[in-house]
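Okay, so here's the structure we're looking at.
The values are calculated or read from the model by the stated rules, or taken from the named source; none is laboratory data. Predicted model only: the values in this text are computed from it and were never measured. Because the Cβ atoms are built from the backbone with ideal geometry, glycine has one as well, and the counts that use them run over all protein chains shown. Accessible surface is based on the protein model in full, side chains and every heavy atom, while ligands, DNA and RNA are left aside. Shrake-Rupley method; radii C 1.70, N 1.55, O 1.52, S 1.80 Å.
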Amino acid sequence: MHRIYRSHILICRSSGCPGSPMIIEALKEELIKRKLENEVRIVQIGCPGFCSRGPLMIIYPEGILYCEVSPDDVAEIVEETIIKGRTVERLLYEDPIAAQLVTHYSEIPFYKKQKRVILKNCGLIDPENIDEYIAEGGYEALGKALFEMSPENVIEEIKKSGLRGRGGAGFPTGLKWEFTKNARGEKKYIICNADEGDPGAFMDRSILEADPHSVIEGMLIAGYTIGVNEGFIYCRAEYALAIRRLKIAISQAMDYGLIGENILGSDFSFRITIKEGAGAFVCGEETALMASIEGRRGEPRTRPPYPAVKGLWGMPTNINNVKTYANVPRIILNGWEWFSSIGTETSKGTMVFALTGQINNIGLIEVPMGITLGEIIFDIGGGIPKGKKFKAVQTGGPLGGCLSTESLNTPIDYESLKETGAVMGSGGMIVVDEDTCMVEFAKYFLKFSTDESCGKCVPCRVGGKKMYEILNNITEGKGKLEDLDEIENLAKFMEQASLCALGQLTPGPVISTLKLFRDEYVAHIVDKRCPAGQCIPLITFYIDEEKCKGCGLCLKNCPVNAISGEKKKPHKIDIELCTKCGTCRDVCKFDAVYTK
Amino acid sequence: MEVFRLPKIKSLEELRKLREEAIKSMRVRESTSTKITVGMGTCGIAAGAREVMHAILNELEKRKIDANVITVGCIGLCAEEPLVTIERGGQPGITYGKIDVEKVPKLIEEHLIKGNIIDEWVISRG
């Protein structure tokens, strides 16, 4: 018998909000002190997505949302809201555009343009309690598939829905399942690729932390459909909380008999093993991932043969991304017509993005395919902080490409992103403002990809390094105009000759920034100037005489004593002595230090 | 150490039965058609509003009524505390005054089960 509480206090407990365990502890103590422990229940939830204002607390039945809660706020929340029924106004979210306080979780503008399909349970249920998943309709889709549908029906349903792989490449999921189903092999496997490694990406981690059962249920349905009874979840060991919650979810599902022999009394049996990866980026590539599960070095091999034909231990294997599996139960329950009614002609359903970088509402969002980039950045993301201008957004992580202001009206789907030179990828979205140097930006991603090259094939191992050297020269003012042709040649070579997607896509950020911001590259090379004022060898620091109040803060902090000036009179930087460390710019309270 | 294990679910029917149970404890997080608001200002608490709220919660559980119980601050009618407002199915709320623990079972019985408003206790409608 489940105890009924009059109020539930939900607190986000995900890796993104490291402070929340202390809040939970403080709340427990306070509730006991006030003898409310049998009246009010504390529920830890996964990430509700509004990370920029976390840790969040949602109080039901009222649905009150408190932002940036700290353990010190707990006593006041209990006294005011739980006992006296009043809201603590200082913790409410203030809508910066309408300049008014928003009390209820559901009314935050951040959520208005979102369509939460696979994130439906994220921030609503306790991921460590299978009953809450079941209460929200969990494992009902598995039951429907097992008892009302043949495996062929399920494949047909997934095909008609138009679901495409959410790992990035966008291959039709139904077709992939059919290939593995029809492939010959004495044993077959299913793998969930949870090796999310892009800098700034946290979609898969958040789903595993907030709603692990939805991924497990998707895998079970895939297992029944393809005729497989063994599955692996490959997740990087750094995702400690995701792995812990997956383990809890699997063990609870096993207790209930939802994983194991004769599931729900049917003939279908399935087991799931978690394989923790050591964190090599290349292991997100499916053939390298399988090698890693087999206990070999995580290096990719040529395809074909594709995993559907020859995968794990040489057997037919179906690999999908976390989000792809999480979509499956929703499609089975709601039908393909419902799913294909969301999105565009070629890209159906929704897409989850991890919105990060120089944007106001950093967080996890889910939007219907076909929404424009502008709606994501400005309506959901709340625009760029400090009134700066939007410059570009990198999609698809270090192997993706970037989009500029010209693409703000571009509908987000697989095809239109490809046309612009960017890729959908797995859902990372890094936003940068006008102060970002695009050459430096491309160099950052290039550095990441070359560091992560496994070294097996020459184009990736040497090509990436070579390209990095060229970019580095450009940012140091040693570039030549011919370098730009050399970059393009190298990129073509790497795209055609690299063994796997890592090498093929490594030039992506360089090529797309070169296409969109060629003038910035040229400014570095010809004028020896960094237009964004970021590349240290190319800039000189000055103090604006109008703005400088002569407070002496820069003078005091300059490590090489390059600044001089009398109190209350404009200061000056000695260019000969200046080491361009940027300390004066950081400490200035009047924005008087500028670069040229 | 004793390991707590969940019982096996042997069929889809059993899964659905379990879900029906599980939904009950999730209801607080969803809006129900019935909302019972109890005034919890200092005035309300002094007049026994917390005891009244507990009595309401017990009664709802006993009679298996699906309703959200919400606490609010003082609405300015301190003389009539404890105040209890019942809203059902989008209808305007009925506010009862001077509700004590003894009155709660009758209030729930008449208003929520039989659908009769207890006129002599009402202090405000709509």
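For this structure, a couple of remarks:
- Square roots of 5 times each gyration tensor eigenvalue, C-alpha, the stretch A:266-423, largest first, Å: 33, 21, 15
- Contact surface A-B: accessible area buried, both sides summed, square angstrom, 1.4 angstrom probe: 3500
- Relative contact order of chain A, defined on C-alpha pairs under 8 angstrom at six or more residues apart (%): 11
- Over the C-alpha atoms of the stretch A:154-226, the Rg to Rh ratio, Rh being the Kirkwood estimate, stands at 0.99.
- In the stretch B:30-125, the inverse of the mean reciprocal separation of distinct Cα atoms equals 13.1 Å; this is its Kirkwood hydrodynamic radius.
- Placed amide H near A:His571: partners under 5 Å, 5+ positions off or other chain: A:Gly550
- Residues A:Leu246, B:Leu57, ordered by accessible area of protein heavy atoms at a 1.4 angstrom probe radius and largest first, appear as B:Leu57, A:Leu246.
- Among the residues of B:53-65, the average count of other protein chain beta-carbon atoms within 10 Å of the residue beta-carbon is 1.
- Across all Cα pairs in the stretch A:140-277, the calculated P(r) in 5 Å bins from zero up to the longest distance comes to 2, 10, 19, 22, 21, 16, 8, 2, 0 percent per bin.
- HN-Hα J in Hz across the stretch A:392-398 - Karplus 6.51, -1.76, 1.60, θ = phi - 60°, x for Gly and Pro: 7, 9, 9, 10, x, x, x
- Per residue, in Å², the accessible surface of the stretch A:128-226 once ligands and nucleic acids are set aside, probe 1.4 Å: 28
- Taking a straight Cα-Cα cut-off under 15 Å and skipping sequence neighbours fewer than 8 places away in the same chain, the aspartates and glutamates within cross-link reach of A:Lys478 are A:Glu440, A:Glu469, A:Glu486, A:Glu520, A:Asp527.
- Accessible-area composition of chain B, carbon plus sulfur, in percent [1.4 Å probe]: 52
- Antiparallel DSSP beta bridges within the stretch B:28-126, as percent of all bridges there, nearest 5: 70
- Rounded to the nearest 0.05, the FRET efficiency derived from the C-beta distance between B:Ala79 and A:Lys33 at R0 = 41 Å is 0.85.
- Dipole magnitude for chain A: computed about the Cα centre from +1 point charges on Lys and Arg Cβ and -1 point charges on Asp and Glu Cβ, it is near 880 debye.
- Over 22 Å (Cα to Cα) - which of A:Lys188/A:Lys456; A:Lys188/A:Lys275; A:Lys113/A:Lys247; B:Lys24/B:Lys106; A:Lys28/B:Lys35; A:Lys348/A:Lys515 fall in this group: A:Lys188/A:Lys456; A:Lys113/A:Lys247; B:Lys24/B:Lys106; A:Lys28/B:Lys35; A:Lys348/A:Lys515
- Estimated [θ] at 222 nm from DSSP helical runs (n ≥ 4, -39500 (n - 2.57)) normalised by residues in chain B, nearest 500: -8500 deg cm²/dmol
- Under the convention that each Lys and Arg Cβ holds +1 and each Asp and Glu Cβ holds -1, the size of the dipole of the stretch B:30-125 around its Cα centre is about 140 debye.
- Shown in residue order for the stretch A:369-383 are the 3J(HN,Hα) couplings computed by the Karplus curve 6.51 cos²θ - 1.76 cosθ + 1.60 at θ = phi - 60°: 4, x, 5, 8, 4, x, 4, 5, 5, 9, 7, 8, x, x, x Hz (x for Gly and Pro).
- Database remark: amide H of A:Val309 closer than 5 angstrom to the amide H of A:Thr317 (H placed geometrically; neighbours at sequence offset of 5 or more, or on other chains; Pro and chain starts carry no H).
- Coupling constants for the stretch A:272-282 follow from the phi torsions by the Karplus curve (6.51 cos²θ - 1.76 cosθ + 1.60, θ = phi - 60°), and in residue order they are 10, 10, 8, 10, 8, x, 8, x, 6, 4, 5 Hz; glycine and proline get x.
- Short-range pairs are left out: with C-alpha atoms under 8 Å and at least six residues apart, the relative contact order of the stretch A:269-386 is 12 percent.
- The mean accessible area for residues of the stretch A:1-48, using a 1.4 Å probe and ignoring ligands and nucleic acids, is 45 Å² per residue.
- Of B:Lys17/B:Lys114; A:Lys567/A:Lys589; A:Lys389/A:Lys447, pairs whose Cα-Cα distance is over 21 Å: B:Lys17/B:Lys114; A:Lys389/A:Lys447
- Annotation: amide H-H contacts under 5 Å for B:Tyr96 (H modelled 1.01 Å from N, sequence separation of 5 or more, or interchain): B:Val84, B:Thr85, B:Ile86, B:Ile123.
- Protein-protein interface of the stretch A:6-41, residues with accessible area decrease of at least 50 Å², isolated chain reference, 1.4 Å probe: A:Arg6, A:His8, A:Glu39
- Mean per-residue shielding of peptide A:127-136 is 5, counting Cβ atoms of other chains within 10 Å of each Cβ.
- Secondary-structure-derived ellipticity at 222 nm for chain A, considering helices only, amounts to -10000 deg cm²/dmol, per-run term -39500 (n - 2.57) for DSSP H runs with n ≥ 4.
- Chain B: relative contact order as a whole-number percent, Cα under 8 Å and 6+ apart: 25
- Computed log10 I(q)/I(0) for chain A at 0.05, 0.06, 0.12 Å⁻¹: -0.25, -0.36, -1.25, from the Debye equation with unit scatterers placed on every C-alpha and solvent omitted.
- Under Stokes-Einstein, with the Kirkwood radius over Cα pairs as Rh, the value for the stretch A:1-59 at 4 °C and 1.567 mPa s is 108 µm²/s.
- With protein chains left intact and a 1.4 Å probe, residues in the stretch B:30-125 average 48 Å² of accessible area per residue.
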